[in-house]
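Novice: Below are the structure tokens for one structure; questions will follow.
The values are calculated or read from the model by the stated rules, or taken from the named source; none is laboratory data. In this text the structure is predicted, and so the values were computed from the model without any measurement. FYI the Cβ positions are ideal-geometry reconstructions off the backbone, even for glycines, and counts take in every protein chain you see.
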Amino acid sequence: MYGLKLRYAKSSLLIVASLIAIILAFSYLPHALLAIIGGFVVILGLSYALGHNTWKQTRDIGSRPSRAAGARPQRGERKSGGRKSRAEARASRRVEILHPEETVTLSAEREAAEIEDVFSSLDNQLVGLVPVKKKVEEIASLLLVDRVRHRFGLDAPRPNLHMCFTGDPGTGKTTVALQMADLLFRLGYLEKGHLVHAMRDDLVGEFIGHTAPKTKRTLERAMGGVLFIDEAYYLYRAGDSKDYGQECIDILLQVMENDRDKLVVILAGYKDRMDVFFESNPGMSSRIAHHLDFAPYKLDELVAIGRAMLDRSAYYLSADAEMAFREYLTLRMGQPRFANARSVRNELERTRLRHAFRLAAEPELSRSKDDLMRLEAADILASPLFALAEPVSAIEESARRPPR
Ligand SMILES: Nc1ncnc2c1ncn2[C@@H]1O[C@H](COP(=O)(O)OP(=O)(O)O)[C@@H](O)[C@H]1O
Ligand SMILES: [Mg+2]
């Protein structure tokens with residue numbers, strides 16, 4: 001605060017001194033001499049301002065950190081400096097064509113692209129999904145070999161990477177699409193690597209002339225990244241001549257063909273509906289290069305997913321609670337609107353709520369760190385789902401006993 005005051009005091013003093021000097025000069029000096037001095041001061045001021053600005057710019061460029069070719073930019077840099085550096089890195093790789101006798105290792109190239117992080121994040125974040133992870137590895141290998149071929153001056157058409165993710169809700173489609181966007185960015189296939197999530201309403205209009213601008217706006221947002229169209233089959237309404245979905249599909253087809261180097265489209269939804277959609281839209285089907293099928297999770301996988309989710313937020317299930325959770329999931333899997341891992345996440349959030357409520361109901365009791373982390377069977381068995389079903393087992397009996 002005092003610093004601020006001092007700064008203003010200095011400026012005020014300078015202005016007052018200048019005013020006094022001008023008034024004195026005006027009174028005592030001949031006006032011609034005054035004009036010459038005034039002109040001289042203005043020229044001096046302008047030269048200083050210009051010189052200072054140029055020096056500042058040169059210093060900024062000089063102090064910007066240089067980046068090794070192929071090194072991945074930091075996340076925050078992605079939209080501006082990062083993108084430029086990556087393009088520069090790619091260009092410099094193109095210039096330095098390797099001699100045919102030279103050799104490279106794919107592991108070194110993998111390291112340069114820093115894609116190991118994506119695979120470890122896929123492995124750590126997602127339980128199961130073995131065929132999907134394998135397909136992601138295959139796509140990464142294709143692009144990696146492409147990069148290395150490029151370094152030897154071997155050019156091939158850019159591979160088509162439009163994809164279709166089929167599977168029930170909550171099977172990890174959106175999560176894998178996000179990782180895929182990151183992977184494609186790191187391997188230099190996409191300029192930005194962001195993901196734009198769109199549904200029919202973001203693409204198809206309701207009046208004449210409404211659809212094309214809407215579709216183009218969404219496409220523009222997605223340029224340089226992935227356009228993820230969820231429940232893509234709703235774009236097309238068979239037999240409805242007044243529907244504008246076909247107009248949107250036509251624009252999408254064109255962009256998928258002509259702007260392959262700027263955009264990857266991922267269509268997602270239930271497998272059977274997507275098959276019907278492709279039958280009615282063979283043009284779309286022929287532009288999709290990779291199909292990834294996300295199988296529904298088995299009970300053990302759902303339990304493992306729940307355990308991993310809790311672990312990430314420093315909670316855990318007691319042995320009884322895990323058995324109760326299994327029973328909960330067995331019932332829930334047979335119910336409408338079951339959404340695999342999403343149902344697991346939602347139920348665990350409700351369980352946390354009941355756990356907190358249970359602890360808060362006896363506020364005078366001392367609680368240990370473990371008490372704050374451990375979810376008990378009672379927290380799960382209080383779910384209304386059990387009230388709808390037959391009493392399930394002896395666990396319920398033991399769980400009704402108040403936990404220690
Ligand atoms: N295999 C998995 N392991 C751990 N968590 C998962 C798994 N699959 C999905 N999830 C989690 O379930 C939630 C829903 O997943 P999401 O990718 O949105 O599914 P979808 O797009 O298929 O409906 C997310 O929180 C996600 O992290
Ligand atoms: Mg989704």
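Novice: Test of understanding: among Glu231, Glu220, Glu247, which residue is charged (D, E, K, R) and at positive phi?
Specialist: The unique qualifying residue is Glu231.
Novice: Another question, if that's okay. If you scan region 247-270, which residues turn out to be buried (at least 16 other Cβ atoms within 10 Å of the Cβ), under 18 Å from Pro282 (Cβ atoms) and not hydrophobic (A, V, I, L, M, F, W, C)?
Specialist: Glu247, Gly269
Novice: In region 315-404, which helices (runs of 4 or more DSSP H) lie fully inside it and hold 1 or more residues that are surrounded by fewer than 12 Cβ atoms within 10 Å (Cβ to Cβ) and at pLDDT 95 or above?
Specialist: Counting at least 1 such residues, we get 319-333, 340-361, 369-373.
Novice: Quick check: anything in region 150-161 more than 16 Å from ligand 2 (Cβ to nearest atom), in contact with a Pro (Cβ under 8 Å, 6 or more places away or on another chain), part of a helix (DSSP H, G or I) and not assigned by TED's automatic domain parsing to the domain that holds Ala341?
Specialist: No, region 150-161 contains no residue that is more than 16 Å from ligand 2 (Cβ to nearest atom), in contact with a Pro (Cβ under 8 Å, 6 or more places away or on another chain), part of a helix (DSSP H, G or I) and not assigned by TED's automatic domain parsing to the domain that holds Ala341.
The rows are residues; the columns are (1) over 23 Å from Lys135 (Cα atoms); (2) touching a helix residue (DSSP H, G or I) at 6+ places or on another chain (Cβ under 9 Å); (3) small (Gly, Ala, Ser).
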position: Ala232; (1), (2), (3): no, yes, yes
position: Arg237; (1), (2), (3): yes, yes, no
position: Tyr244; (1), (2), (3): yes, yes, no
position: Ile251; (1), (2), (3): yes, yes, no
position: Gly283; (1), (2), (3): yes, yes, yes
position: Ile288; (1), (2), (3): no, yes, no
position: His291; (1), (2), (3): no, yes, no
position: Phe294; (1), (2), (3): no, yes, no
position: Val303; (1), (2), (3): yes, yes, no
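Novice: Return the only residue of Thr166, Thr174 being under 24 Å from Arg260 (Cα atoms), in contact (Cβ under 8 Å) with a residue 60 or more places away in the chain, in contact with a Lys or Arg (Cβ under 8 Å, 6 or more places away or on another chain) and not small (Gly, Ala, Ser).
Specialist: Thr166
Novice: State yes or no: is Met256 touching a strand residue (DSSP E or B) at 6+ places or on another chain (Cβ under 7 Å), more than 19 Å from Thr174 (Cα to Cα) and either assigned by TED's automatic domain parsing to the domain that holds Asn160 or not β-branched (Val, Ile, Thr) (or both)?
Specialist: Yes, satisfied.
Novice: Could you list, in sequence order, all residues of region 223-233 that are within 19 Å of the chain's Cα centre (by Cα) and within 16 Å of ligand 2 (Cβ to nearest atom)?
Specialist: Val226, Leu227, Phe228, Ile229, Asp230
Novice: Among residues belonging to region 345-370 that are within 15 Å of Pro384 (Cα to Cα) and of a type in the set (A, V, I, L, M, F, W, C), point out the one that is nearest to ligand 2 (Cβ to nearest atom).
Specialist: Filtering first and then ranking leaves Leu348.
Novice: Going by the conditions given, is Thr175 within 16 Å of ligand 2 (Cβ to nearest atom), closer than 17 Å to Ile266 by Cα, of a type in the set (Val, Ile, Thr) and surrounded by fewer than 20 Cβ atoms within 10 Å (Cβ to Cβ)?
Specialist: Considered against the rule, which asks whether it is within 16 Å of ligand 2 (Cβ to nearest atom), closer than 17 Å to Ile266 by Cα, of a type in the set (Val, Ile, Thr) and surrounded by fewer than 20 Cβ atoms within 10 Å (Cβ to Cβ), Thr175 comes out as yes.
Novice: Then there is this: From Glu220, Glu206, which residue is outside any helix (DSSP H, G or I), out of contact with any Leu (no Cβ under 8 Å at 6 or more places or on another chain) and either farther than 15 Å from Met284 by Cβ or within 16 Å of ligand 1 (Cβ to nearest atom) (or both)?
Specialist: Glu206
Novice: If you don't mind, there's one more thing I want to ask. Got at least one residue in region 159-167 being surrounded by fewer than 22 Cβ atoms within 10 Å (Cβ to Cβ) and within 13 Å of ligand 1 (Cβ to nearest atom)?
Specialist: Yes, region 159-167 has at least one match.
Novice: Checking Ala181 against (1) within 16 Å of ligand 2 (Cβ to nearest atom); (2) more than 26 Å from Met333 (Cβ to Cβ); (3) surrounded by fewer than 19 Cβ atoms within 10 Å (Cβ to Cβ), which single condition isn't satisfied?
Specialist: Only one criterion is unmet by Ala181, namely (3).
Novice: Sticking with this one: Return the residues of region 111-128 that are under 20 Å from the mean Cα position of the chain (by Cα) and part of a loop (DSSP other than H, G, I, E, B); say none if nothing qualifies.
Specialist: Matches in region 111-128: Glu114, Ile115, Leu126, Val127.
Novice: Is there a residue in region 219-231 that is modelled with pLDDT under 95, surrounded by fewer than 19 Cβ atoms within 10 Å (Cβ to Cβ) and among the charged types (D, E, K, R)?
Specialist: no
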